[in-house]
Structure formats: C-alpha cells, structure tokens
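The values are calculated or read from the model by the stated rules, or taken from the named source; none is laboratory data. As the structure is a prediction and not an experimental result, all values here were calculated from the model. When we count neighbours, we look across all protein chains shown, and the Cβ atoms used for this are built from the backbone with ideal geometry, even at glycine.
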Number of protein chains: 2
Amino acid sequence: MKVRTRKQEIFYTASRLFKEKGYTAVTMRDLAAAVGVKAASLYNHISSKEEILYEVIMTIAESFTKGIEEIRFGEGAIKDKLSLVVAQHVNLTANHPYGMASLNNDWMHLDSGKSQYLKLRNTYEQHFREIIKEGKTQGILKDIDEEVILFSILGTLRNLYLWIPKKADLDRDKLIESLGQTLLEGIEK
Amino acid sequence: MKVRTRKQEIFYTASRLFKEKGYTAVTMRDLAAAVGVKAASLYNHISSKEEILYEVIMTIAESFTKGIEEIRFGEGAIKDKLSLVVAQHVNLTANHPYGMASLNNDWMHLDSGKSQYLKLRNTYEQHFREIIKEGKTQGILKDIDEEVILFSILGTLRNLYLWIPKKADLDRDKLIESLGQTLLEGIEK
DNA sequence: ATTTTAAACTAACAATTGTTAGTTTTGTGA
DNA sequence: TCACAAAACTAACAATTGTTAGTTTAAAAT
C-alpha cells in the first residue's frame, strides 16, 4: 500500500490503529499523533471519523465482491475456482493487512454505509455458495452441508489478517498452495 | 447460560452487547438500560467496566485451555483428539455465544488481565500445535506446514460464534460431525 | 513579488464517558 | 413491627470525545 497523498496516509495510518485497538477505541487525537499532526488538522483532509472507516472498509469489500464475481462466471473447473477464491483472499489480505481487521470487526460502526457493506458481503457469500453448489452438483465435492463448507472455509480466510503479518517468511505462493490444500483436501492422509 | 444473580445478569447482558457493538462502544448507560437499571446502580454489583470484560473473557479462556490440556494428555488416537478439539470448540461456543466475541475481539482492552489472557491463549495454541506435531510424526497427517494447519483449523473455529446462532437448526452433534469432517478430511471427493 | 490556495495551528464547544457520593427504596429475618 | 442490609435512585464530577471557528504558516501559481 503505497501512500501518495496525506489523505491516503491518514486512511492507512487509521487502518493500522483500527486493527490494534478497534475503530471506537481510536480517537482522532490518537490518529493525529500517529500522523504527526494536531487533531483539528485532520479535518483539512477528511470530513469525519466515519468517512475514514467507510473508505477503509468499502474499498476492500468492493474488491472482494468484484473478484469473486469474476471467478464465479469465469472459465475453469470448480476446483480451480475454489483455489482462486483462496488465492484472492490471501492476496487481498496481504495488500490490506490492516483494513481487513475493520472489515471483519468494525463494519457495524458504519452509519449510512452499513447497508451498502452488508449488501456487498451478502453478494460475496452468495457467489461463493453458488460455486460450492455447483461443485456438489457436479459430484466433485462431498455431500456436506453447504453452509458448513462455506463458513468453514470463509472462517479460516477471514482470520488470515491476523497471522499473515506474523508469517511473512512463508512466501505468498506457498501459503496459497498449502492453505488451498488444507481447506480443500483436508489434513488427514 | 442460566442467570442466577443480578451480577451474572450484568455479565451476561454485557457480553451480549459487547458482541453487537464491541466493548468500547458499549457504555455503562447502555448496559444499565439493557438490564433495566440506572448506570450508577451497576456499581452495587461490579467494581468497574473492565471487571466485566475480564470476567467474560477469562471464564471462557480458562475453559478452553483446561479442556485442550485434558485432550492432549488423554488417551486416544490423534484423529480422535483432533475431533475432540473441534467438539470442545463447538460446545464452548454454544454455551457462550456472546462471550466468544469478546474473547476474539476485545481482549486487547483488558488492562491487568491482558498478559494473563495471552498466556492462556499461547498455552492453548501450544497444546494444539503439539497434537498436530504428533499426528505428523505418526504419519497420520499430511506434510503441511504446522502453522498453516493450526491457524486454518483455529481460524474456522474462532469464527463459530458468528454463525452458530444463525444455524440453530443444524443440531449440535451434526455440526460437530460435519465440521470435523470438513476440517480434517477436506471437502473434495 | 504578490496573490491564492492548501494545510497546519490554537482554542474552544457541547456531548458523552466511567465513576463517586449521598440518599431513598425494597425486601428479609428477628 | 422494627432493624438492617442490599440494591435502587439522583446528582454531579473530571476527563475525554468528535468537531468547528478563526488564525497563521507554507507552498504554488500568477
């Protein structure tokens, strides 16, 4: 995440603080200090605290939904599509290591944007569900409750932001590979 | 979670609110209103807001760590132990549907209790890791990076609190069964 | 060099925060 | 019935919150 303008620096720094303490616990004075400025000065660049949250969350949420849409309607076998979903998650998380925390934990503090966000999330989950359904129809996936499959995979992927930073060593392609294997083929021999 | 005393009612109601909005965003006046009392009255039962968080989190955290310790050092095959870990997670989450949210998202707002909590969590993860290691040593588990296995399973389990309430229909034993299968054997045929 | 614009500052606001002090009500056992 | 303890209340506090107004400094454009 290359930072070009001051406004972007504010968004980025905010997302970092949001991850550490959560949106509500981060004050505008905290943020200002981290940026190296007085609280009031922030308002030369942004219009409200919530605007920051909105920007951080929606940017990522839109990428996710757009991405899975392309995967779902794209070419390729179901197994490959599932691998692509895992890969997209790893990549987006690696690109937005901080923002993912707000996406997961702070979306309820969105005001006007909350319904927008929930709509995107529902759409995302629906696309994912359809991919799984098709896999079951084709007889490629086991006959396990769809919701269990969906939330099992999604559960792991949603937590990626917590340990991707810690596992910087494990390179990205290896992670995509082994995580995909774990989630799709299981861990038992 | 049967509530017996007013104090327990406060803890329980608080954990419910904490799940909805997060610890920081819940005010003592919010909590008081939900309990049907004025904010100051809460202090006849508790000594601080943080005490509530501490109680909610530590009760559950201790159950987890104690539980996995028994599993790890108990009898039985590794595969069964892994299933037991999944089962314990489902059961504890079902028994503490709200508190799990704080355990996951609000522990950083613990003051004196934070290091205690982190110690419990590390111990938990370490026991889990050892079970996985033994599985690999015995040749029962695939040769996938331990950390990937650990956090993949744990990632899913940590999110259980978000959808167990929504899937009240899927009965508990079925959930343990299908979730265990998904996590351990994978979803591909 | 001068004007204009962008971005920092200081000071303050009204509202909200967790918490305390002191008082009144409620319920229980003697 | 009375006394006592538990638990509610009102009122207020000091600190902190997001935000605004007005001003000064720095940078860019003319």
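Structure above, values below:
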quantity: Count - residues of the range B:164-183 that are at the interface with chain A (Cβ under 7 Å from one of its Cβ atoms), touching a helix residue (DSSP H, G or I) at 6+ places or on another chain (Cβ under 6 Å) and either of a type in the set (Val, Ile, Thr) or surrounded by fewer than 18 Cβ atoms within 10 Å (Cβ to Cβ) (or both); calculated: 1
quantity: Qualifying positions in the range A:90-107 - within 12 Å of chain B (Cβ to nearest Cβ) and aliphatic (A, V, I, L, M); calculated: A:Val90, A:Ala101
quantity: Close pairs (7 angstrom Cβ cut-off, 6 or more residues apart or separate chains): among the acidic types (Asp, Glu) in the range B:68-94, surrounded by fewer than 18 Cβ atoms within 10 Å (Cβ to Cβ) anywhere; calculated: none
quantity: Search result, residues across the range B:41-62 that are within 19 Å of the chain's Cα centre (by Cα) and in contact (Cβ under 8 Å) with a residue 24 or more places away in the chain; calculated: B:Glu50, B:Ile52, B:Leu53, B:Tyr54, B:Glu55, B:Val56, B:Ile57, B:Met58, B:Thr59, B:Ile60, B:Ala61, B:Glu62
quantity: Residues within the range B:151-181 that are hydroxyl-bearing (Ser, Thr, Tyr) and under 16 Å from B:His96 (Cα atoms), tallied; calculated: 1
quantity: Filtered residues of the range A:45-83 (kept if in contact with a His (Cβ under 9 Å, 6 or more places away or on another chain) and among the polar types (S, T, N, Q)); calculated: A:Thr59, A:Ser63, A:Thr65
quantity: Filtered residues of the range B:157-171 (kept if in contact with an Asp or Glu (Cβ under 8 Å, 6 or more places away or on another chain) and modelled with pLDDT under 85); calculated: B:Lys167, B:Leu170
quantity: Matching residues in the range A:3-13 - criterion: being buried (at least 17 other Cβ atoms within 10 Å of the Cβ) and within 14 Å of DNA strand C (Cβ to nearest atom); calculated: A:Ile10, A:Phe11, A:Thr13
quantity: Among (1) within 17 Å of A:Ile60 (Cβ to Cβ); (2) within 11 Å of chain B (Cβ to nearest Cβ); (3) of a type in the set (A, V, I, L, M), the one test that A:Leu110 misses; calculated: (2)
quantity: Tally, over the range B:152-171, of residues that are basic (Lys, Arg) and in a loop (DSSP other than H, G, I, E, B); calculated: 2
quantity: Some residue of the range B:38-50 being under 14 Å from B:Trp107 (Cα atoms), within 14 Å of DNA strand C (Cβ to nearest atom), at pLDDT 95 or above and surrounded by fewer than 16 Cβ atoms within 10 Å (Cβ to Cβ); calculated: yes
quantity: Residue match in the range B:142-163 (condition: farther than 18 Å from B:Phe11 by Cα, within 12 Å of another protein chain (Cβ to nearest Cβ), of a type in the set (Lys, Arg) and surrounded by 15 or more Cβ atoms within 10 Å (Cβ to Cβ)); calculated: yes
quantity: Exclusive hit being among the β-branched types (Val, Ile, Thr) and over 24 Å from B:Lys174 (Cα atoms), set B:Thr13, B:Thr93; calculated: B:Thr13
quantity: Residue that is modelled with the lowest pLDDT, among those in the range B:1-37 that are assigned to a loop (DSSP other than H, G, I, E, B) and among the polar types (S, T, N, Q); calculated: B:Thr5
quantity: Any hit, the range A:66-89, residues being at pLDDT 95 or above, away from DNA strand D (no atom under 11 Å from the Cβ), within 12 Å of another protein chain (Cβ to nearest Cβ) and outside any helix (DSSP H, G or I); calculated: yes
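Residues are listed down the side, and each one gets a yes or a no for (1) within 9 Å of DNA strand D (Cβ to nearest atom); (2) within 14 Å of chain A (Cβ to nearest Cβ):
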position	(1), (2)
B:Tyr12	no, no
B:Lys19	no, yes
B:Gly22	no, yes
B:Met28	no, no
B:Val37	yes, no
B:Tyr43	yes, no
B:Ser48	no, no
